[in-house]
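S.K.: Handing you a structure now.
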Amino acid sequence: MPVLIGCGLLGPRLAHILKLPAPQLVGPMLVSAAAHLAAVTTATPPLALVFAAQTVIGGAIGCRFGGVAPATLLTVATSALCACPALHSPRLCPISALHIYHAPRQTRNPRALFEST
């Protein structure tokens, strides 16, 4: 666990020096990944801490959607929900990854994603 705490403290500083985006998030992830790949540690953070961190990150991301029209959010959410199955197994999803990529530009109607073109 001390190694992970070190990753959390060193990561943001290193990411800031390297001018990476979102240094408080990306830095610790990269340093922790390096520590795990180098077999310096096999520790995992407590599950409660993971849940708390995901809640804070989700809240911060959600705040960026303030002022966005609900129809736009619905379109993006529909695309996101279809993206995983389409990208991992095209046979499971009736639309292709290419349709998902171009969906916001093609239509504002999420149901149109499922229509044949």
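S.K.: For the pair CYS63/ALA48, report the inter-label distance in nm, with labels modelled 7 Å from Cα in the Cβ direction.
M.R.: The modelled label-to-label distance comes out at 2.5 nm.
S.K.: Right, next: Provide the FRET efficiency to the nearest 0.05 for the ALA71-LEU25 pair, computing r from the beta carbons and using R0 = 35 Å.
M.R.: 0.75
S.K.: Quick check: residue separation of ALA80 and LEU10 times 0.36 nm, minus the Cα distance between them. What number comes out in nm?
M.R.: Working it through step by step, the gained length comes to 21.9 nm.
S.K.: For ILE17 and VAL40 in the same chain, what is the full-extension length gain: residue separation times 0.36 nm, less their Cα-Cα distance, in nm?
M.R.: Separation in residues times 0.36 nm, less the Cα-Cα distance, equals 6.0 nm.
No lab work stands behind these numbers, since they all come straight from the coordinates. Since the model is a prediction, treat every value here as computed from it, not as a measurement. Using ideal geometry, Cβ is built from the backbone for each residue, glycine included, and neighbour counts are taken over all protein chains shown.
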